[in-house]
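Written below as structure tokens is the structure these notes are about.
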Amino acid sequence: MSRIQETEITRTIMSSYHDKLLGSVLSDVLVVGAGPAGLVAGFYLTKLGFKVTMVERCLAPGGGIWGGGMAMNEVAFQEEALPVLVDFGIRHERQPEGLYTVDSVELASALILKAIQAGVTLLNLVTLEDIGIHHNRVTGIVVNRTGISGALHVDPLTFSAKAILDATGHEATVIEKVRRRGLFPDSPLYGHAGEGPMDAATAEAFVVERTGEVCPGLWVAGMSVNAAIGGPRMGPIFGGMLLSGKRAAELISATLKQAPQQVSCT
Ligand SMILES: Cc1cc2nc3c(=O)[nH]c(=O)nc-3n(C[C@H](O)[C@H](O)[C@H](O)COP(=O)(O)OP(=O)(O)OC[C@H]3O[C@@H](n4cnc5c(N)ncnc54)[C@H](O)[C@@H]3O)c2cc1C
């Protein structure tokens with residue numbers, strides 16, 4: 001083993017992370033939440049040529065995937081999601097009932113690995129605290145270290161982007177910053193009772209169909225869609241999550257390519 005110095009270990013980590021952090025100040029797309037929807041969206045967006053930064057408040061990205069259903073580490077998929085599993089190189093098995101199963105740990109690991117290798121900058125232990133709005137458009141996120149957020153009297157920092165994607169799952173934390181203040185009153189975020197009770201078939205269609213831009217600059221994907229716009233919950237079937245992430249990437253890409261000059265951030 002080569003002789004190493006502790007100071008060099010520290011300097012190497014600091015300098016490398018500093019570069020990553022500086023590169024995240026301004027992105028094409030900021031994804032909040034590294035669950036299945038966010039990871040898939042980030043993967044396809046980078047493949048489409050966009051600079052993507054993803055923040056995740058937990059130590060381990062992957063969101064609600066790891067535990068499968070009731071801590072049995074298998075999740076179910078419909079046939080429509082197979083192309084996404086293939087793009088990520090995830091093994092799957094056809095079951096007699098017509099569904100496919102995937103090991104949830106392989107699923108989480110592969111989504112994280114492939115998203116990062118595709119070029120997504122993923123910052124874990126970073127929590128969204130608020131949003132930034134300029135010229136009637138959501139243009140940024142206000143973030144803090146997870147250990148600091150809510151615990152210490154320390155100011156957060158801001159990242160900006162042309163598009164922000166709420167992929168924070170049941171909590172829809174980005175959307176809540178809009179809704180709590182009654183901003184963009186014409187958006188579909190208002191006038192419903194929030195996430196509905198279990199109805200897997202309806203919920204899976206809903207999450208994909210209603211993925212989209214909910215107010216200028218702010219898109220929603222995954223379970224946040226159902227929480228934000230009032231769809232039912234669906235349990236540990238993940239086709240809708242993957243397809244919602246992919247659809248979000250396609251919609252954001254189309255919008256940014258169509259009118260890049262109109263989409264500026266501060
Ligand atoms: C305990 C638990 C119970 C669940 N029960 C059900 C159920 O009964 N029915 C159902 O349909 N689905 C349930 N789910 C969710 C299920 O796993 C999802 O369908 C799927 O994981 C949703 O994927 P997603 O990508 O939309 O969000 P998630 O997998 O939830 O990922 C969201 C990610 O966003 C991160 N995040 C949240 N807020 C912030 C923030 N402020 N800043 C930064 N990051 C943030 C989270 O840490 C998480 O990693 C449950 C999930 C959990 C964890």
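Would you pull out the residues with amide H under 5 Å of S27's amide H, same chain only if 5 or more places away, H placed 1.01 Å from N?
S160, A161, K162
Karplus couplings for region 239-248 from phi (6.51 cos²θ - 1.76 cosθ + 1.60, θ = phi - 60°), rounded to Hz, Gly and Pro as x?
Here the 3J(HN,Hα) series is x, x, 5, 5, 5, 5, x, 5, 5, 4 Hz.
Sticking with the crude label model, points 7 Å out along Cα→Cβ, report the distance from T12 to R233 in nm, one decimal please.
4.5
Hey, got a sec? Which GluC sites (Glu not before Pro) in region 1-98 land in a DSSP loop and have at most 11 other Cβ atoms within 10 Å? Provide the component values of the computation, followed by the final result.
On the way: sites: E6, E8, E56, E74, E79, E80, E93, E97; in loops: E97.
Answer by residue number: E97.
Tabulate in residue order the Karplus-calculated ³J(HN,Hα) for region 147-157, using 6.51 cos²θ - 1.76 cosθ + 1.60 with θ = phi - 60°, rounded to whole Hz; enter x for Gly and Pro.
Per-residue couplings from phi come out as x, 8, 3, x, 10, 10, 7, 10, 5, x, 10 Hz.
How large is ³J(HN,Hα), in whole Hz, for each residue of region 40-46 in order, when computed from phi with the Karplus curve 6.51 cos²θ - 1.76 cosθ + 1.60 and θ = phi - 60°, using x for Gly and Pro?
5, 4, x, 4, 5, 5, 5
Collect residues whose amide H, placed 1.01 Å from N in the peptide plane, falls under 5 Å from the amide H of G69; neighbours closer than 5 in sequence don't count.
Those lying under 5 Å, H to H, from G69 are E74.
For labels at A71 and S109 in the simple 7 Å Cα→Cβ model, what's the distance in nm?
Here the answer is 2.1 nm between the modelled labels.
What distance in nm separates the two pseudo spin-label positions at E250 and D186, each 7 Å out from Cα along the beta-carbon direction?
Distance between label points: 2.7 nm.
R0 = 22 Å: FRET efficiency of H153 with L22, Cβ-based, nearest 0.05? Present the calculation step by step, with values, prior to reporting the outcome.
Values: r = 25 Å, r/R0 = 1.16.
Here the calculated transfer efficiency is 0.30.
Values in this text are rule-based calculations from the coordinates and carry no lab data. All figures in this text were calculated on a predicted structure; none of them were measured in a lab. Using ideal geometry, Cβ is built from the backbone for each residue, glycine included, and neighbour counts are taken over all protein chains shown.
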